[in-house]
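Take a look at the structure below.
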Amino acid sequence: MSKRDPATLRSYRWYGPDSLRAFGHRSRARQSGLGDKDFFGKPVIGILNTWTDLNSCHMHFKSTVESVKRGVLQAGGMPMEIPVMSCGESLTKPTSMLYRNFLAMEAEEMIRANPIDCAVLLGGCDKSTPALIMGAISAGVPAVYVPSGPMIKGNWHGQVLGSGSDVWGYWDERRAGNLSEEEWKEIEGGIARSSGHCMTMGTASTMTALAEVMGFTVPGASSVPAMDSNHLRLAAEAGRLAVNNAWDGPGPGALATRESFENAIAVDMALGGSTNAIVHLLAMAGRAGVDLDLDDFDAISKKTPLIADLRPSGRFLMEDFYFAGGLSAVLNRMETILHMDVPTVNGRTIRENVKGAKVFNDEVIRTLEDPVSADGGTAVLKGNLAPDGAVIKHSAASPSLLKHTGPAIVFDSYKDLSERIDDPELPVTEDSVLVLRNAGPVGAPGMPEWGMLPIPKKLLEKGVRDMVRVSDARMSGTSYGTCVLHVAPESSVGGPLAAVMDGDNITLDVEARRIDLEVPKQEIESRLENNSRKDARYHRGYTKLFIDHVTQAYKGCDFDFLEGTERTPEPEIY
Ligand code: FES
């Protein structure tokens, strides 16, 4: 059989044979108004679209998908649009993280169950990127990722506003009595001015960049703002690539390798990316059978300079980053650090794709010799409070707090925190360490972004804007502050966080990579033995499945039965 023999296509099993079943499939294609020239013998490109009215970051996907279809048709393929769950960051409760694995399962099953030769994945808002790629890796069918692109810059009274980061900052000012109701409303109307994902270097910008680093996108695609016409041009290119890859392109397993994960971690550090990237990359690596752990992140962080001056760690936003040369220019600048010869979806290596890519603004993208900081943005901590690890984005923390000992103020849940944090009687000082527990993968459930605990109002009024905070939660990629996150094992499964009592001293030492509870070992063990754990509140449905099977943060919070490279068999067609 020749390389372009239709019988080599996966979809041929549905449409090709002279059988009763295939007759049914073809007759139903004709029911859709399709004829021989539309579909028979052509690669079928399944476009997984995460558009929904509930996700404002993906509003433009109705037009993006038309560009993908245009590219597919130009290249001689047949586009089939498939709506899938969106898990938008803003509205999905209790947290979109609860549904990342749900979307990953949906993507995998939709690809496998249908006559798809290559998938085009439309995502961008936080969890949608790792979810779609996890699903594609497990399905084992070639896939091209189309990132939504960031929204344009926010604006209020001439000041630039960044997604998330400025919400937290101005909310503190509001609580401190420094902003009127009218001003607060003006900010509400100015901070999200177009479709596209958050335009700080939050989780969405981080994960779409890392998808590109790993070779899943058309080169340059992740930096292009959603409203820039280049977004549509690159979407069409993704459609054309998908048709080509349906015949003989690299499968996701050829892209998700140890080398490409090392590249992704290094670029995450160079960009000052979201702490959430750690959880997502671990989960993606688990699907690809790549041995990756927290120590890899710390080791790569220590030797990778932070060169992108982007909020929340730095000053600029994604639109500035795009005009400064974007990710292609960063990758070119990092050629001595990265594995440059890894493959990408267009059949070329990263080296070939970024050759000649220039930086146009050295303020936004610094050189390796003159970085924002000499090491990466994230550190991995261990200690008796986090035997299986914790993380801190020290690039977005207060330098004065990176080595700190203080007495704990403990909150047992976010509800408890909300009810007491502004209590004038709360015995809190700026030296206290705020602790939130029962906020992990099982405890919350879903490990919400509660880890940037609010500063108590009475301290805000005194001008305090940062404190050491410790939790088994995550925090938004747009957040900042001295927040120790992802403490594992989490308190709800018996981790040492459950043993902390008000007044216990906690020591954070980022340079030594330690987080410790200054309580004797025996006392900690005794407290944990006597700790009466609450029964899970969820006894049915997807949430029950989640808490029964989710792994801890240091393993990526995937479901235990989805890890590994074993494939579900291709469907039988009788
Ligand atoms: Fe969608 Fe931030 S809310 S990326």
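Only residues that are within 16 Å of the ligand (Cβ to nearest atom) and under 15 Å from GLY556 (Cβ atoms) were counted in the range 470-492, giving 1. Within the range 75-107, the set of residues being within 17 Å of ALA246 (Cα to Cα) and either part of a loop (DSSP other than H, G, I, E, B) or without any contact (Cβ under 8 Å) to a residue 24 or more places away in the chain (or both) comprises ALA75, GLY76, GLY77.
Restricting attention to the range 42-94, the residues that are touching a Gly at 6+ places or on another chain (Cβ under 8 Å) and among the small types (Gly, Ala, Ser) add up to 5. Within the range 152-160, the presence of at least one residue that is surrounded by 20 or more Cβ atoms within 10 Å (Cβ to Cβ) and either at pLDDT 95 or above or over 14 Å from the mean Cα position of the chain (by Cα) (or both) is confirmed. Look at (1) within 11 Å of the ligand (Cβ to nearest atom); (2) surrounded by 24 or more Cβ atoms within 10 Å (Cβ to Cβ) and you find that ARG100 fails only one, number (1).
The residue of the range 373-384 that is nearest to the chain's Cα centre (by Cα), among those that are crowded, with 18+ Cβ neighbours inside 10 Å and at pLDDT 95 or above, is VAL380.
Confirm whether CYS57 is within 12 Å of the ligand (Cβ to nearest atom), among the hydrophobic types (A, V, I, L, M, F, W, C), part of a loop (DSSP other than H, G, I, E, B) and under 21 Å from the mean Cα position of the chain (by Cα).
In short, no.
Mind counting the residues in the range 246-277 that are farther than 20 Å from ALA379 by Cα and of a type in the set (A, V, I, L, M, F, W, C)? Matching residues across the range 246-277 total 5.
With respect to GLY140, is the statement that it is within 15 Å of the ligand (Cβ to nearest atom) and either touching a Gly at 6+ places or on another chain (Cβ under 8 Å) or of a type in the set (Phe, Trp, Tyr) (or both) true? When the stated conditions are applied, GLY140 does not pass them. The set of residues in the range 331-343 that are closer than 30 Å to VAL243 by Cβ and either modelled with pLDDT under 95 or in contact with a Leu (Cβ under 7 Å, 6 or more places away or on another chain) (or both) comprises LEU331, LEU338, PRO343. Residues in the range 496-522 that are among the acidic types (Asp, Glu), outside any loop (DSSP other than H, G, I, E, B) and surrounded by fewer than 19 Cβ atoms within 10 Å (Cβ to Cβ): ASP509 only. Meeting the requirement of 1 or more residues that are within 13 Å of the ligand (Cβ to nearest atom) and either in contact with a His (Cβ under 8 Å, 6 or more places away or on another chain) or touching a residue at least 24 places away in the same chain (Cβ under 8 Å) (or both), the helices (runs of 4 or more DSSP H) wholly within the range 162-227 are 165-175, 203-213. Within the range 342-384, the set of residues being basic (Lys, Arg), in contact with a Gly (Cβ under 7 Å, 6 or more places away or on another chain) and not in a loop (DSSP other than H, G, I, E, B) comprises just one member, LYS382. Please state which of the following conditions SER260 fails to meet, knowing it meets all the rest: (1) within 17 Å of GLY477 (Cα to Cα); (2) more than 16 Å from the ligand (Cβ to nearest atom); (3) of a type in the set (S, T, N, Q). So the condition that SER260 fails would be (1).
Name the single residue, out of those in the range 280-291 being among the hydrophobic types (A, V, I, L, M, F, W, C) and closer than 15 Å to LEU132 by Cα, that is surrounded by the most Cβ atoms within 10 Å (Cβ to Cβ). Give the steps one after another, and end with the answer.
Quick first cut of the range 280-291, residues among the hydrophobic types (A, V, I, L, M, F, W, C) only: 281-285, 288, 290.
Now restrict to residues that are closer than 15 Å to LEU132 by Cα: 281-285, 288.
Values: LEU281: 25, LEU282: 24, ALA283: 26, MET284: 31, ALA285: 27, ALA288: 24.
The selected residue is MET284.
Condition first: within 15 Å of the ligand (Cβ to nearest atom), in a helix (DSSP H, G or I), surrounded by fewer than 24 Cβ atoms within 10 Å (Cβ to Cβ) and over 16 Å from the mean Cα position of the chain (by Cα). Can you find one or more residues in the range 108-120 that meet it? No, the range 108-120 contains no residue that is within 15 Å of the ligand (Cβ to nearest atom), in a helix (DSSP H, G or I), surrounded by fewer than 24 Cβ atoms within 10 Å (Cβ to Cβ) and over 16 Å from the mean Cα position of the chain (by Cα). Any residue at all in the range 534-553 that's in contact (Cβ under 8 Å) with a residue 24 or more places away in the chain and part of a strand (DSSP E or B)? Scanning the range 534-553, I find at least one residue that is in contact (Cβ under 8 Å) with a residue 24 or more places away in the chain and part of a strand (DSSP E or B), so the answer is yes. Quick one: in the range 73-97, of everything that is among the charged types (D, E, K, R) and surrounded by fewer than 19 Cβ atoms within 10 Å (Cβ to Cβ), which residue is farthest from the ligand (Cβ to nearest atom)? In this case the residue turns out to be GLU81.
The values are calculated or read from the model by the stated rules, or taken from the named source; none is laboratory data. The shown structure was predicted, so the numbers you read here are calculated from the model rather than taken from an experiment. Positions of Cβ are generated from backbone atoms using ideal geometry, with glycine treated the same way; all protein chains shown enter the neighbour counts.
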